[in-house]
1. How far apart, in nm, are two points set 7 Å out from the Cα along the Cα-to-Cβ line at residue 356 and at residue 179?
2. Which angle from 0 to 90°, rounded to the nearest 10, does the C-alpha axis of helix 294-305 make with the longest principal axis of the chain?
3. How long, wide and thick is the range 89-243, going by the Cα atoms along their three principal axes, in whole angstroms, largest first?
4. Go through 245-256, 147-158 and give me the packing order, highest mean Cβ count within 10 Å leading.
5. Give me the angle, in degrees from 0 to 90, between the Cα long axis of helix 198-211 and the longest principal axis of the Cα atoms of the chain, rounded to the nearest 10.
6. Using protein chains only and a probe of 1.4 angstrom, how many square angstrom of residue 319 are accessible, to the nearest 10?
7. Full-extension gain between residue 269 and residue 316, please, as 0.36 nm times their residue separation minus the C-alpha to C-alpha distance.
8. Mind checking which of 84, 210, 27 has the largest fluctuation in a GNM of the chain, springs on alpha carbons under 10 Å?
Amino acid sequence: MTVPDFKTIRRDLHKIPELGFQEHKTQKYLMDYISTLPSHRYELKKWKTGLFVKVAGTEPTRTIGYRADIDGLPIREETGLDFQSDHVEKMHACGHDFHMSIALGVLTHFVQHPIEDDLLFIFQPAEEGPGGAQPMLDSDEMKRWMPDAVFALHIAPEYEVGTVAVKEGLLFANTSELFIKFKGKGGHAAYPHQTKDMIVAASYFVTQLQPIVSRNVDPLDSAVITIGKMESGTVQNIIAETATLEGTIRTLSPESMNSVKSRLEALIQGMKISYDCDIEVDYGSMYQQVYNDPEWTKDFISFVETTDNRNLVICKEAMTGEDFGYMLEKIPGFMFWLGVNSPYGLHHSKLNPEEEAIDFAISLMTEYFETLNVKTK
Ligand SMILES: [Zn+2]
Ligand SMILES: [Zn+2]
């Protein structure tokens with residue numbers, strides 16, 4: 001069998017971005033490609049719009065997991081590339097097209113050149129929301145094929161191709177969405193005393209949130225509370241009856257997430273009394289921190305250091321979120337950043353990662369998995 005061109009596969013996938021749990025064309029594309037490989041070497045199970053593919057080892061005593069997320073984002077692409085998204089208002093702007101192509105490359109290699117260990121490839125839907133990692137973990141397929149270790153990468157536009165950035169312990173933050181609804185009483189702009197003005201209440205509340213980070217969080221810890229959207233009112237001469245706020249909370253530990261939320265809820269109780277209104281809070285979807293297992297990460301770091309043409313960066317943690325954190329909560333392993341050198345960042349309509357990173361990552365991961373196998377002999 002000739003070695004397929006994974007850049008072409010990436011471009012095919014780039015044209016068909018789909019949102020969380022709608023990845024039907026993507027799933028079919030992946031399955032069509034995998035069906036070209038010798039079928040006695042692997043087992044495939046569909047899970048919603050994702051896939052589990054188990055590649056048989058020669059003398060398996062454990063299962064090594066590798067996860068690639070497969071969803072796109074609701075963004076109108078502005079790269080001007082000739083393989084730009086065919087799907088209006090949708091784009092692979094987080095590099096999940098890269099993640100899938102790299103996983104297919106590693107999978108293809110091990111179907112053709114099996115090692116002792118079984119390998120489980122996890123093509124996970126809905127990373128961008130509402131979250132596919134946790135329900136996948138709870139699935140019968142995952143329970144049956146539960147890996148002993150699990151790995152993943154994420155493209156990093158800020159690093160050159162050839163760079164691997166990683167750290168032990170916390171890599172990505174705990175994240176929670178935040179939706180707050182205020183309900184008061186509207187009325188004539190000239191009779192404020194007969195109303196409960198929710199524009200004033202919501203505005204005051206946004207300023208009240210700010211001291212949570214500066215006054216309640218340990219200065220040596222970190223947190224973010226961002227309100228990204230505020231909506232209220234109809235016209236200039238009507239006092240607003242309702243207001244809504246949308247935002248996000250990010251913390252470096254699950255404990256500080258809980259304490260930020262309990263401060264926020266205490267403030268809400270106070271606001272209800274001060275402004276004589278109803279306030280509802282909904283945290284939407286939450287992502288567990290990505291916490292890299294120190295032993296596995298040390299092992300990977302020394303592997304990268306001892307091989308040629310690979311630039312290792314020990315990076316800092318980031319306040320971004322990733323639902324791979326749920327897998328790492330249950331299974332030891334790690335996630336790392338893969339340099340792809342794009343002037344535009346993740347979730348940007350002009351994100352254009354360099355495709356040389358695909359073959360780089362395929363050989364990095366195949367070599368790493370082969371090294372693991374040698375060590376267990
Ligand atoms: Zn993303
Ligand atoms: Zn992503």
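The values are calculated or read from the model by the stated rules, or taken from the named source; none is laboratory data. If you're wondering where the values come from, they're calculated on a predicted model, not measured in any experiment. A quick note on method: Cβ atoms are made from the backbone with ideal geometry, for glycine too, and the neighbour counts reach across all protein chains shown. Just so you know, the surface numbers come from the protein's heavy atoms only, side chains and all, with ligands and any DNA or RNA stripped out. Shrake-Rupley method; radii C 1.70, N 1.55, O 1.52, S 1.80 Å.
1. 4.5 nm
2. Orientation of helix 294-305: about 60 degrees from the principal axis.
3. 78, 36, 33
4. 147-158, 245-256
5. 60 degrees
6. For residue 319, solvent-accessible area is about 50 Å².
7. 13.3 nm
8. 210
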